[in-house]
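Engineer: My questions all concern the structure below.
The values are calculated or read from the model by the stated rules, or taken from the named source; none is laboratory data. Just so we're clear, the structure is a prediction, and the values are computed from it rather than from any experiment. For neighbour counting, all protein chains shown are included, and Cβ atoms are generated from backbone atoms with ideal geometry for every residue, glycine included. Each accessible area value is taken on the protein alone, full model and side chains, heavy atoms only, with ligands, DNA and RNA left out. Shrake-Rupley method; radii C 1.70, N 1.55, O 1.52, S 1.80 Å.
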Amino acid sequence: MAKRIDVSGLSAYYGGHKAIDDISMTVEPRSVTAFIGPSGCGKSTFLRTLNRMHEVTPGGRVEGKVLLDDENLYGSGVDPVAVRRTVGMVFQRPNPFPTMSIFDNVAAGLRLNGTHKKNELKDIVEKSLRGANLWNEVKDRLGKPGSGLSGGQQQRLCIARAIAVEPQVLLMDEPCSALDPISTLAIEDLIGELKERFTIVIVTHNMQQAARVSDRTAFFNLAAVGQPGKLVEIDETERIFSNPSVQATEDYISGRFG
Amino acid sequence: MSDVMTDRRPRAEHPGGTPLPVSLRQARLPRWTPAALALVSAALGTGIGLVGGLDSRIQWGLIAALLFIGGTFALAAGVEGARQAKDRLATSLVWIAFLLAVVPLASLLWETVARGTTVLDGFFLSHSMGTLPDALPGGGIYHAIIGTLEQVGLATLIAAPLGLLTAVYLVEYGRGRLAKVVTFFVDVMTGIPSIVAGLFILSVWILILGFGPSGFAGSMALAILMMPVVVRSTEEMLKLVPNELREASLALGVPKWRTILKVVLPTSIGGITTGVMLAIARITGETAPVLLLVWGAKTINGNPFEGAQQSLPLYVFQQWQQGSDASYDRAWSAALVLIAFVMILNLVARGIARWKAPKTGR
């Protein structure tokens, strides 16, 4: 199921502004890779280039290559819709569809892609909600609107929605930044379980979180405000947090930054 | 506390030297004061008007309003202080503005109901004018109701889909010059006087293409008036849909057109329906294009594509023009039916908006 991502020479632009410059890295399958770095350094932008969501923003443009098991996402003839089915995404703020019930939210990706068989949908919805550790909390209220759940439950609902379409890779853009510590713990546990099946990339501002959940960590930085963000280094999480090879990484992690 | 513990610190003093107020409480006027003042000023206004021999009731009202504003301000300034007095002044101005806005509306409704119910009955609603001479009592508006329903329905069938699609284009796809041009022309269309829209269809459809007058010709002019309203309101509603929902759907691998159809439109359908309903309400009362293009028949014509028809606003206009007592009565009753029709449309729109609003229930 999980796939390897090979990025080489990737730059992303917003109109004339270059947001990230010449990034190359490898994301291993069935592992968690964390992106850390100061605000505005292009972590989220880079994440969004991995499933071609960057070009949804007006003026968004990408140069370079992203290989998903040897297939270039930015090659000619590649359908961005097919890319997004393969590479799922969870956003910073929980965003369940307000017009849909909990069941319909999880089934949304499948239904909108053309699966309509009742029994099949029911099985997948249950499996996904169990996968997101939400089933026990919502199994009696599947017909209620998703916006009635708490913030942490909504975020797990969004994760269930993302894994229901069985992607190969799951991108998470600060999935816990709007949540309390207990919901955060629930989601971190979930990430640990999900990495058995998916390749996971997570952007976080919380360095303890990166240390807790990830196998590898990438540190991004920018030279100055207005300059494009760059990848400083990527290594085993343990190495990054104990003995990074670049001084800037150590400064950032130990709080001596800026 | 201070008599138990000896506090040796100096009292907090304002930089200017005046001590801070000891208490946070202050004198307040009783709750019923504004109401009582309003009653007193109304009575005084009437009294002064009567004694002074002023004929115009508007003068009475103005005197009462001025007394009310001045009285509240003076009383509040005396009892509560300057800031509260200003607050009360603003509040009373808002109330008077509210009354000024409500009085014409209420009197219009009162007048229409009082005069419009004289001949309004089942017969009036189910018969046309036929060959009845205008000066005689009798006759009805059945042909006008049929005409209005058909013309407005056809206009909606033309304008609502076009307007909806234009708005979807502008919000979801429109970038660059074409979108700007479309927005500009929608703005221009919003300002077209209804008589000009009527003249345009008259010159193209009847004078150049040679068709006769018909309900459909009227519908086309009404559609021109309705379309920009639909585009504008739909555009605003679509812009209210959070971008995060679009992105969530796109990130699930849903194509853009399906995202619009299944996520964006359902989220905003309540507001869009309200907008369309209000646009319908607006064109229902249009008289000028109907006068030019539908001509106004006296008999029932159920076919909107052939021959002259009638419509409610045009019927009111024509009956008023006749100038007999019987036709005045008919005009008022038809006006009442027209107001009721528009009001029902508005209520339906509100109902749909509430029914379709995104649910937040737990």
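Engineer: Of the residues A:Gly109, A:Gly143, A:Gly151, A:Gly114, which is more than 19 Å from B:Gly253 (Cβ to Cβ), within 12 Å of chain B (Cβ to nearest Cβ) and of a type outside the set (A, V, I, L, M)?
Structural biologist: Just one listed residue meets the conditions, A:Gly143.
Engineer: State whether one or more residues within the range B:236-245 are closer than 30 Å to B:Gln309 by Cα, away from chain A (no Cβ under 14 Å), assigned to a helix (DSSP H, G or I) and out of contact with any strand residue (DSSP E or B) (no Cβ under 8 Å at 6 or more places or on another chain).
Structural biologist: Scanning the range B:236-245 turns up no residue that is closer than 30 Å to B:Gln309 by Cα, away from chain A (no Cβ under 14 Å), assigned to a helix (DSSP H, G or I) and out of contact with any strand residue (DSSP E or B) (no Cβ under 8 Å at 6 or more places or on another chain).
Condition check ((1) surrounded by fewer than 16 Cβ atoms within 10 Å (Cβ to Cβ); (2) not aromatic (Phe, Trp, Tyr)) across all residues:
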{"position": "A:Gln209", "(1), (2)": "no, yes"}
{"position": "A:Gly229", "(1), (2)": "no, yes"}
{"position": "A:Glu236", "(1), (2)": "yes, yes"}
{"position": "A:Ser242", "(1), (2)": "yes, yes"}
{"position": "A:Ala248", "(1), (2)": "yes, yes"}
{"position": "A:Tyr252", "(1), (2)": "no, no"}
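Engineer: Additional query: Please pick out the residue among A:Ser31, A:Ser44, A:Ser39 that is under 29 Å from B:Leu245 (Cβ atoms), surrounded by 15 or more Cβ atoms within 10 Å (Cβ to Cβ) and touching a residue at least 24 places away in the same chain (Cβ under 8 Å).
Structural biologist: Numbers: A:Ser31 fails: under 29 Å from B:Leu245 (Cβ atoms); A:Ser39 fails: surrounded by 15 or more Cβ atoms within 10 Å (Cβ to Cβ).
Within the list A:Ser31, A:Ser44, A:Ser39, the selection yields A:Ser44.
Engineer: Take the range B:156-179 and flag every residue that is among the hydrophobic types (A, V, I, L, M, F, W, C) and assigned to a loop (DSSP other than H, G, I, E, B). It would help to see each step written out before you state the result.
Structural biologist: Going through the range B:156-179, the residues among the hydrophobic types (A, V, I, L, M, F, W, C) turn out to be B:157-160, B:162, B:164-165, B:167-168, B:170-171, B:178-179.
Answer for the range B:156-179, where residues must be among the hydrophobic types (A, V, I, L, M, F, W, C) and assigned to a loop (DSSP other than H, G, I, E, B): there is none.
Engineer: One residue is enough: does the range A:111-125 have a residue meeting the conditions within 20 Å of the chain's Cα centre (by Cα), open to solvent by less than 50 Å² (accessible area, probe 1.4 Å) and touching a residue at least 12 places away in the same chain (Cβ under 8 Å)?
Structural biologist: Within the range A:111-125 (the criterion being within 20 Å of the chain's Cα centre (by Cα), open to solvent by less than 50 Å² (accessible area, probe 1.4 Å) and touching a residue at least 12 places away in the same chain (Cβ under 8 Å)), the answer is no, since none of the residues qualifies.
Engineer: Would you be able to tell me the number of residues in the range B:173-195 that are under 28 Å from the mean Cα position of the chain (by Cα) and over 15 Å from B:Pro228 (Cα atoms)?
Structural biologist: Adding up the residues that qualify gives 1.
Engineer: So how many residues does the range B:56-77 have that are under 13 Å from B:Val103 (Cβ atoms) and surrounded by fewer than 19 Cβ atoms within 10 Å (Cβ to Cβ)?
Structural biologist: Of the residues in the range B:56-77, 4 are under 13 Å from B:Val103 (Cβ atoms) and surrounded by fewer than 19 Cβ atoms within 10 Å (Cβ to Cβ).
Engineer: Would you pick out the residues in the range A:183-194 that are open to solvent by 10 Å² or more (accessible area, probe 1.4 Å) and over 26 Å from A:Glu120 (Cβ atoms)?
Structural biologist: Within the range A:183-194, A:Ser183, A:Thr184, A:Leu185, A:Ala186, A:Glu188, A:Asp189, A:Gly192 meet the criteria.
Engineer: Any idea which of A:Met53, A:Met25, A:Met100 is under 14 Å from A:Val201 (Cα atoms) and either touching a strand residue (DSSP E or B) at 6+ places or on another chain (Cβ under 9 Å) or aromatic (Phe, Trp, Tyr) (or both)?
Structural biologist: Criteria check complete, one pass: A:Met25.
Engineer: Can you tell me which of (1) assigned to a loop (DSSP other than H, G, I, E, B); (2) without any contact (Cβ under 8 Å) to a residue 12 or more places away in the chain is the one A:Leu185 doesn't meet?
Structural biologist: (1)
Engineer: With (1) farther than 28 Å from B:Lys356 by Cβ; (2) open to solvent by 30 Å² or more (accessible area, probe 1.4 Å) as the list, and B:Val294 as the residue in question, which single condition is left unmet?
Structural biologist: (2)
Engineer: I need a count of the residues in the range B:251-272 that are assigned to a helix (DSSP H, G or I) and within 7 Å of another protein chain (Cβ to nearest Cβ).
Structural biologist: 6
Engineer: Right, another one. Identify the residue in the range A:154-182 that is of a type outside the set (A, V, I, L, M, F, W, C), within 20 Å of A:Ile124 (Cβ to Cβ) and part of a loop (DSSP other than H, G, I, E, B) and, among all such residues, is nearest to the other protein chains (Cβ to nearest Cβ).
Structural biologist: A:Pro167
Engineer: Tell me which residues, restricted to the range A:70-108, are more than 19 Å from the chain's Cα centre (by Cα) and open to solvent by 50 Å² or more (accessible area, probe 1.4 Å).
Structural biologist: Of everything in the range A:70-108, those that are more than 19 Å from the chain's Cα centre (by Cα) and open to solvent by 50 Å² or more (accessible area, probe 1.4 Å) turn out to be A:Asp70, A:Glu71, A:Ser76, A:Gly77, A:Asp79, A:Thr99.
Engineer: While we're here: Please determine whether any residue of the range A:56-63 is more than 8 Å from chain B (Cβ to nearest Cβ), part of a loop (DSSP other than H, G, I, E, B) and not acidic (Asp, Glu).
Structural biologist: yes
Engineer: Could you identify the single residue in A:Arg256, A:Arg239 that is assigned to a helix (DSSP H, G or I), without any contact (Cβ under 8 Å) to a residue 12 or more places away in the chain and farther than 12 Å from A:Val32 by Cβ? Give the steps one after another, and end with the answer.
Structural biologist: Details: A:Arg256 fails: assigned to a helix (DSSP H, G or I).
Going through A:Arg256, A:Arg239 in turn, the sole match is A:Arg239.
Engineer: I would also like to ask the following. State yes or no: is A:Arg93 in contact (Cβ under 8 Å) with a residue 40 or more places away in the chain and of a type in the set (D, E, K, R)?
Structural biologist: It is true that A:Arg93 is in contact (Cβ under 8 Å) with a residue 40 or more places away in the chain and of a type in the set (D, E, K, R).
Engineer: Across the range A:70-106, what is the total count of residues that are assigned to a strand (DSSP E or B) and within 12 Å of another protein chain (Cβ to nearest Cβ)?
Structural biologist: Counting residues in the range A:70-106 that are assigned to a strand (DSSP E or B) and within 12 Å of another protein chain (Cβ to nearest Cβ) gives 5.
Engineer: Then there's this: Return the residue satisfying two criteria in turn: it lies in the range A:211-227 and is in contact with a helix residue (DSSP H, G or I) (Cβ under 7 Å, 6 or more places away or on another chain) and part of a strand (DSSP E or B), and of such residues it is most open to solvent (accessible area, probe 1.4 Å).
Structural biologist: So the residue we want is A:Arg216.
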